[in-house]
1. List Cys28, Cys36 from most exposed to least, where exposure is judged by having the fewest other Cβ atoms within 10 Å.
2. In degrees from 0 to 90, rounded to the nearest 10, what is the angle of the helix 46-60 Cα long axis to the longest principal axis of the chain?
3. Quick one: what are the phi-derived ³J(HN,Hα) couplings along region 69-81, Karplus 6.51/-1.76/1.60 with θ = phi - 60°, whole Hz, x for glycine and proline?
4. Which cross-chain or sequence-distant (5 or more) residues have an amide H under 5 Å from the amide H of Tyr65, H modelled 1.01 Å from N in plane?
5. Under 5 Å between amide hydrogens, which residues at least 5 positions from Ala38 or on another chain qualify, with H placed 1.01 Å from N in the peptide plane?
6. Please tell me the relative contact order of the chain in percent, rounded to the nearest whole number, where contacts are Cα pairs under 8 Å and at least six residues apart.
7. Once you sort the root eigenvalues of the Cα gyration tensor of the chain as a ≥ b ≥ c, which label holds: rounded (a/c under 1.5), prolate (a/b larger than b/c) or oblate (the other case)?
Amino acid sequence: MGNVQSFRFRNYEIHPDSLSEPTYAATCVSGDEADCGAQSDEEVETDKVERWIAEHVRDTGHRRYRRTMADYVMAEPGAWQ
Ligand SMILES: [Zn+2]
């Protein structure tokens with residue numbers, strides 16, 4: 001006698017949160033054995049991240065970065081399935 005479970009799953013629509021702007025940041029991943037790890041601030045303007053990179057290159061010669069973007073979203077209840 002099997003115990004059949006059914007799960008109801010509600011879909012959510014994901015919308016950008018208009019109250020919050022996306023932010024950009026960079027981490028220096030240059031280095032032979034370990035990443036440098038230097039991190040920029042989170043910036044709303046990509047220009048500021050690019051300037052941080054340029055300054056870090058000037059100071060260290062490091063040339064490889066991981067750039068990230070983060071945004072805020074709202075989950076709006078949708079249909080049940
Ligand atoms: Zn570095």
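No lab work stands behind these numbers, since they all come straight from the coordinates. In this text, all values refer to a predicted model and were calculated from it rather than measured experimentally. Cβ placement follows ideal geometry from the backbone for every residue including glycine, while neighbour counts extend to all protein chains displayed.
1. Fewest-to-most Cβ neighbours within 10 Å comes out as Cys36, Cys28.
2. 40
3. Ordered by residue, 3J(HN,Hα) equals 10, 10, 10, 9, 10, 10, 9, 9, x, x, 6, 7, 10 Hz.
4. Amide H neighbours of Tyr65, under 5 Å, 5+ apart: Val29.
5. Here Cys28 satisfy the definition.
6. Values: 121 pairs, mean separation 38.4, N = 81.
Relative contact order comes out at 47 percent.
7. Details: a/c = 7.06, a/b = 2.11, b/c = 3.35.
Oblate shape, in that a/c is at least 1.5 and b/c is the bigger or equal ratio.
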